[in-house]
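Engineer: For reference, the structure I am asking about is given below.
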Amino acid sequence: MKMLRNLKSRLRIAAATAAILLGLAPASAQIGDADRGAEVYNKQCKSCHMLGEDARNRVGPHLNGLFGRKAASIEGYRYSKDMQRAGADGLVWQAEQLDVYVTKPQALVTGTRMSFRGIKDSEKRADLIAFLRAYSDSPQDIPEAAPTADPTEHDVDPAILAIVGDPEYGEYLSGECTTCHQASGADQGIPSITGWPQEDFVVVMQAYKSKARPHPVMRMIAGRLSDEEIAGLAAYFEGVE
Amino acid sequence: MKLNRRTFIGTAAAATAALYAPNVLSQAAGRVVVIGGGTGGATAARYLAKDSKGALDVTLIEPTRTYYTCFFSNLYIGGFRDFASIGHNYGKLVSEYGVNVVHDWATGVDRDAKTVALAGGGSVPYDRLVISPGIDFVDGAVPGWDLSAQNTMPHAYKAGSQTQLLKSQLESMPEGGVFAMVAPPNPFRCPPGPYERICMAAHLLKEKNPTAKIMVIDPKPKFSKQALFQEGWDTHYSGMIEWIGPDFGGDKVEVRPDSMEVVVDGEAMKVDACNVIPKQKAGRIAELAGVTNDAGWAPVVPATFQSKADENIHVLGDASQQGDMPKSGFSANSQAKVAANAIRGALTGSKVFPAKFANTCWSLIDTNDGVKVGASYEATEEKVAKTDGFISQTGEDAALRKQTYEESLGWYAGITTDMFG
Ligand SMILES: Cc1cc2nc3c(=O)[nH]c(=O)nc-3n(C[C@H](O)[C@H](O)[C@H](O)COP(=O)(O)OP(=O)(O)OC[C@H]3O[C@@H](n4cnc5c(N)ncnc54)[C@H](O)[C@@H]3O)c2cc1C
């Protein structure tokens, strides 16, 4: 429940996040400028993370060798429960995962302890990723594509978040969910999904649907839900306490 | 009616039935009778009552007062659950959802009169009937075994005292003794069930009787999650388990309960404990209702789970023949919700939403070593067809396996609440 409050208080949907999650804007396809990325890193990450030869874990884990590194895999660092879950699920840091995480950490890992409001500017993210990549031995190739000049391109497709969910349909569909997620909100072994703000719910479901989140069961389940169905579920579960 | 509902639980079956006979008290838009308070039946009864908000009169006929889930009964054998934790009662279905629970056996269905006969006498009328009776065993499927042998060679494929018996037989095996399982042919309830049971038996024996041997005599050339199970047998229970497939006579088996012998391909062996899981068919009441086919299962219309023989009857769970879904508790629960929605629509005019089905089956291999397999399904014209799926991989790390096991605990809590409230 604590993590849920975390999410509620911190997760305000960024337009860019939704765009990426929905696969509208392959921002990771941009080739960033590592020099400019160093500036972004110094301003936005360095207060909590370390990189380079003597890097230690600080507020956050060190970020050496990040590409291809499994989430929550640095020994001796105490990760949040949800980051550990994501790691066990098979979340591996590559350009795409980093892009989603840095845009809005909670979209990828609901209860992450990284309190960071996110970088909305896709160009800055691409620069940052190019910079981080230099500290990895075997970074996955960043796909070739022209940098996006127009940042407004990453504005959310307002249609998706604007869909007004039908809670009656949501209630019917929720039958599929309550086989695993308890309607009481109990979260033993499987997280609670009741009482979430609708937008947060939609973003997280879209993150499974787009396969940004690794869990195979939820990918399958979200994968066959339409945007209207997700909206209906979000409307229904918001009201379940 | 409210007052009566309360008293049903405690009343003798005959009295209950008598109360039903003149069903003029009911103001409801329709009467739905559910035979079998297991996974499919309990879920259907709860959803029908919950979603119709009193518009439907829902009666559940189930002989036992405590339903022991087959799921997690293997974990009880392995020592991961206590027996009480897999037992559930019908109290909330009555008190919170207003389901009329009748503790009796259904002995017949008069499809023209639309009534269900009860063992205790009397009959219950319905507008729609749901049959979810689970499985029964095919007589003579394993030569030498019939139901009268179940106290010597338990099937433990309906959970309860059978499961307790099997566990106590395993516990009292002599040092270095032999446990044999006769596995069933397809199709059967819970495809990974026998093999998870082997893991749990091995876990139990490894602690108490590490030189004991386990033999699986199997008519099938391959089985569910085989690579995962065999990997688990190698890593956790090395040298304990021998699997005898049809290439080595696994399909030519006979048992002798009196002398505790198993005969494989003509060769008799003395064993110390024996679990016979015979070939299966739909629970007998489905046959009595005349909705089963030659193979012993009840064919259904994919989108609604209506019997192909009678549109006023829906057959759920293991008993149904629907297409690609495995016979599992998850499947039965999923089907029940689709059927409940269809029944409610037909009787009350409520909106009927498109059918969606899913299944996930977790299996426990050893402490904190869980695996899963699952799929989603849709109703096509001719069958319930698989659309997508996933399965755990061999070689997964310990953190993922532990997490998978923990998910199964969450699922158990979720599905049993979904069934019984
Ligand atoms: C060892 C084992 C492990 C399993 N593990 C899993 C698992 O991990 N996950 C999973 O999803 N599934 C699992 N299953 C499968 C699951 O238990 C079944 O598929 C599921 O119970 C089927 O539901 P059902 O409603 O068809 O039948 P059941 O749940 O068996 O319910 C049938 C009910 O009908 C009643 N009944 C029968 N005849 C009559 C009658 N004439 N009148 C009135 N009542 C009657 C019975 O008393 C019973 O309560 C397992 C099964 C076994 C044996």
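Engineer: Looking for whichever is crowded, with 21+ Cβ neighbours inside 10 Å and over 17 Å from the mean Cα position of the chain (by Cα) here; the options are A:ILE193, A:ILE221. Which one fits?
Structural biologist: Details: A:ILE193 fails: over 17 Å from the mean Cα position of the chain (by Cα).
Only one candidate passes the filter, namely A:ILE221.
Engineer: In segment B:263-293, what residues are away from the ligand (no atom under 16 Å from the Cβ), in contact with a Lys or Arg (Cβ under 8 Å, 6 or more places away or on another chain) and assigned to a strand (DSSP E or B)?
Structural biologist: Of everything in segment B:263-293, those that are away from the ligand (no atom under 16 Å from the Cβ), in contact with a Lys or Arg (Cβ under 8 Å, 6 or more places away or on another chain) and assigned to a strand (DSSP E or B) turn out to be B:VAL263, B:VAL264, B:ALA268.
Residue-wise test of (1) among the basic types (Lys, Arg); (2) more than 22 Å from B:VAL109 (Cα to Cα).
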residue: B:PHE248; (1), (2): no, yes
residue: B:GLU254; (1), (2): no, yes
residue: B:LYS270; (1), (2): yes, yes
residue: B:LYS279; (1), (2): yes, yes
residue: B:LEU288; (1), (2): no, no
residue: B:THR304; (1), (2): no, no
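Engineer: Which residues, counting only those in segment B:308-362, are closer than 18 Å to A:MET220 by Cβ and either among the aliphatic types (A, V, I, L, M) or in contact with a helix residue (DSSP H, G or I) (Cβ under 6 Å, 6 or more places away or on another chain) (or both)?
Structural biologist: Residues satisfying the conditions are B:MET325, B:ASN333, B:LYS337, B:VAL338, B:ALA355, B:PHE357, B:ALA358, B:ASN359, B:THR360, B:TRP362.
Engineer: Then there is this: In segment A:151-167, how many are in a helix (DSSP H, G or I), at pLDDT below 90 and not β-branched (Val, Ile, Thr)?
Structural biologist: Final tally of qualifying residues: 7.
Engineer: A further question on this structure: Would you check if there is a residue in segment A:186-197 being more than 9 Å from chain B (Cβ to nearest Cβ), assigned to a helix (DSSP H, G or I) and modelled with pLDDT of 90 or more?
Structural biologist: No.
Engineer: Going by the structure shown, is B:LYS372 at the interface with another protein chain (Cβ under 9 Å from one of its Cβ atoms), part of a loop (DSSP other than H, G, I, E, B) and touching a helix residue (DSSP H, G or I) at 6+ places or on another chain (Cβ under 9 Å)?
Structural biologist: Values: at the interface with another protein chain (Cβ under 9 Å from one of its Cβ atoms): yes; part of a loop (DSSP other than H, G, I, E, B): no; touching a helix residue (DSSP H, G or I) at 6+ places or on another chain (Cβ under 9 Å): yes.
Taking the combined requirement at face value, the residue does not satisfy it.
Engineer: Inspect segment B:149-156 for any residue being within 9 Å of the ligand (Cβ to nearest atom) and touching a strand residue (DSSP E or B) at 6+ places or on another chain (Cβ under 7 Å) and give the result as yes or no.
Structural biologist: Scanning segment B:149-156 turns up at least one residue that is within 9 Å of the ligand (Cβ to nearest atom) and touching a strand residue (DSSP E or B) at 6+ places or on another chain (Cβ under 7 Å).
Engineer: Still on this structure, I have one more. Does segment B:294-329 hold any residues that are within 12 Å of the ligand (Cβ to nearest atom) and more than 17 Å from B:ALA379 (Cβ to Cβ), and which are they?
Structural biologist: Hits for segment B:294-329 are B:TRP297, B:ASP318, B:ALA319, B:LYS327, B:SER328, B:GLY329.
Engineer: Can you tell me which residue among B:THR387, B:THR404 is under 30 Å from B:GLN280 (Cα atoms), more than 11 Å from the ligand (Cβ to nearest atom), hydroxyl-bearing (Ser, Thr, Tyr) and not in a helix (DSSP H, G or I)?
Structural biologist: None of the others qualify; the one that does is B:THR387.
Engineer: Mind telling me which of the residues B:LEU400, B:LEU409 ends up being within 10 Å of chain A (Cβ to nearest Cβ), without any contact (Cβ under 8 Å) to a residue 60 or more places away in the chain and over 19 Å from the mean Cα position of the chain (by Cα)?
Structural biologist: B:LEU400
Engineer: Follow-up question, since we're still on this one. Could you go through segment B:385-392 and let me know if any residue there is over 30 Å from B:ALA28 (Cβ atoms), touching an Asp or Glu at 6+ places or on another chain (Cβ under 6 Å) and more than 10 Å from chain A (Cβ to nearest Cβ).
Structural biologist: yes
Engineer: Condition first: away from the ligand (no atom under 15 Å from the Cβ), more than 25 Å from A:ASP82 (Cβ to Cβ), in contact (Cβ under 8 Å) with a residue 40 or more places away in the chain and not β-branched (Val, Ile, Thr). Can you find one or more residues in segment B:360-380 that meet it?
Structural biologist: yes
Engineer: Follow-up. Being hydroxyl-bearing (Ser, Thr, Tyr), surrounded by 19 or more Cβ atoms within 10 Å (Cβ to Cβ) and within 9 Å of another protein chain (Cβ to nearest Cβ) is the filter here; which residues of segment B:412-421 pass it?
Structural biologist: If the condition is that a residue be hydroxyl-bearing (Ser, Thr, Tyr), surrounded by 19 or more Cβ atoms within 10 Å (Cβ to Cβ) and within 9 Å of another protein chain (Cβ to nearest Cβ), then B:TYR412 is the only one that fits.
Engineer: Tell me, please, whether a residue that is within 11 Å of chain B (Cβ to nearest Cβ), in a helix (DSSP H, G or I), surrounded by fewer than 21 Cβ atoms within 10 Å (Cβ to Cβ) and of a type in the set (A, V, I, L, M, F, W, C) can be found in segment A:206-217.
Structural biologist: yes
Engineer: Please give the number of the condition A:CYS180 fails out of (1) crowded, with 18+ Cβ neighbours inside 10 Å; (2) in contact (Cβ under 8 Å) with a residue 40 or more places away in the chain; (3) in a loop (DSSP other than H, G, I, E, B).
Structural biologist: The failed condition is (2).
Engineer: When segment A:56-68 is examined, which residues are found to be touching a Pro at 6+ places or on another chain (Cβ under 9 Å) and small (Gly, Ala, Ser)?
Structural biologist: Of segment A:56-68, the ones touching a Pro at 6+ places or on another chain (Cβ under 9 Å) are A:66-68.
Result: A:GLY68, single match.
Engineer: Which residues, counting only those in segment B:318-360, are assigned to a strand (DSSP E or B) and at negative phi? Don't jump to the end; show me each part of the working.
Structural biologist: First, pick out the residues of segment B:318-360 that are assigned to a strand (DSSP E or B): B:320-321, B:323, B:327, B:356-360.
Those that are assigned to a strand (DSSP E or B) and at negative phi: B:SER320, B:GLN321, B:LYS327, B:LYS356, B:PHE357, B:ALA358, B:ASN359, B:THR360.
The values are calculated or read from the model by the stated rules, or taken from the named source; none is laboratory data. Everything quoted here is computed from the prediction, not taken from an experiment. Every residue, glycine as well, gets a Cβ built from its backbone with ideal geometry; the counts of neighbours run over all protein chains shown.
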